[in-house]
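The next block holds one structure in the form of structure tokens; read it before the comments.
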Amino acid sequence: MQKYVYPMFSPHPIAKLYKKFTGDVPVEFENNEVITVQQNRYVFVCPIRWVEETAKDSYDEQPVSGLLIGNSYLTIKTNALTPIGDGDIIELPKDTRFGGLWIVQDGASVDYTYTPKQVQTFQHLPLSSVG
């Protein structure tokens, strides 16, 4: 297991990573039907250093016909060794122009260097604003 964190300069305050944990809860009805409800819980895992990789894009989306909602997208780079996956939440500090909660989208990638062993350097995370 890799213990060395690749050095990274960031002009931003440290962000917080919240991992998504799911649990299936069976719910029984009066007529003996049972359905399974998935509950999502988010737990603070670690602080992470980060720097923006792309500019923040904001535009309106229409998930349902007639309903326009604003959404923002951003890609960040971090040197955290903790695996970060789809659905995890990153809280960027309020005192930056990106401040707020962001959810990790599909398409995250990890960079490696070989020295001669494979060593993780950075993770590139596409984010979507939560609200």
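Data table
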| read-out | value |
| --- | --- |
| Near pairs, Cβ below 8 angstrom, 6+ apart or cross-chain, from the range 114-129 (in contact (Cβ under 8 Å) with a residue 40 or more places away in the chain) to any residue that is open to solvent by less than 20 Å² (accessible area, probe 1.4 Å) and among the aromatic types (F, W, Y) | L127/W102; S128/W102; S129/W102 |
| Some residue of the range 116-124 being open to solvent by less than 60 Å² (accessible area, probe 1.4 Å), under 14 Å from the mean Cα position of the chain (by Cα) and modelled with pLDDT of 90 or more | yes |
| Selected residue [β-branched (V, I, T) and within 28 Å of Y114 (Cα to Cα)] from T36, T54 | T54 |
| Which numbered condition G70 fails, given (1) modelled with pLDDT under 85; (2) surrounded by 13 or more Cβ atoms within 10 Å (Cβ to Cβ) | (2) |
| Filter result for the condition that a residue is at pLDDT 85 or above and open to solvent by less than 70 Å² (accessible area, probe 1.4 Å), over D57, D86, D106, D111 | D111 |
| Enumeration of residues in the range 73-83 that are in contact with a strand residue (DSSP E or B) (Cβ under 7 Å, 6 or more places away or on another chain) and either free of Cβ contacts under 8 Å to residues at least 12 places away in the same chain or surrounded by 14 or more Cβ atoms within 10 Å (Cβ to Cβ) (or both) | Y73, L74, T75, I76, K77, T78, N79, A80, L81 |
| I35 more than 26 Å from G100 (Cα to Cα) and modelled with pLDDT of 85 or more | yes |
| Any hit, the range 95-102, residues being open to solvent by less than 20 Å² (accessible area, probe 1.4 Å), closer than 23 Å to P13 by Cα, touching a Gly at 6+ places or on another chain (Cβ under 8 Å) and at pLDDT 90 or above | yes |
| Strands (runs of 3 or more DSSP E) wholly inside the range 23-131 containing at least 2 residues that are farther than 19 Å from K3 by Cα | 34-48, 50-52, 57-64, 67-78, 89-92, 100-104, 118-129 |
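The values are calculated or read from the model by the stated rules, or taken from the named source; none is laboratory data. It should be emphasised that the depicted structure is a prediction, and the values quoted were computed from it without experimental measurement. FYI the Cβ positions are ideal-geometry reconstructions off the backbone, even for glycines, and counts take in every protein chain you see. Quick note on the areas: whole protein, heavy atoms, side chains included, nothing else; ligands and nucleic acids left out. Shrake-Rupley method; radii C 1.70, N 1.55, O 1.52, S 1.80 Å.
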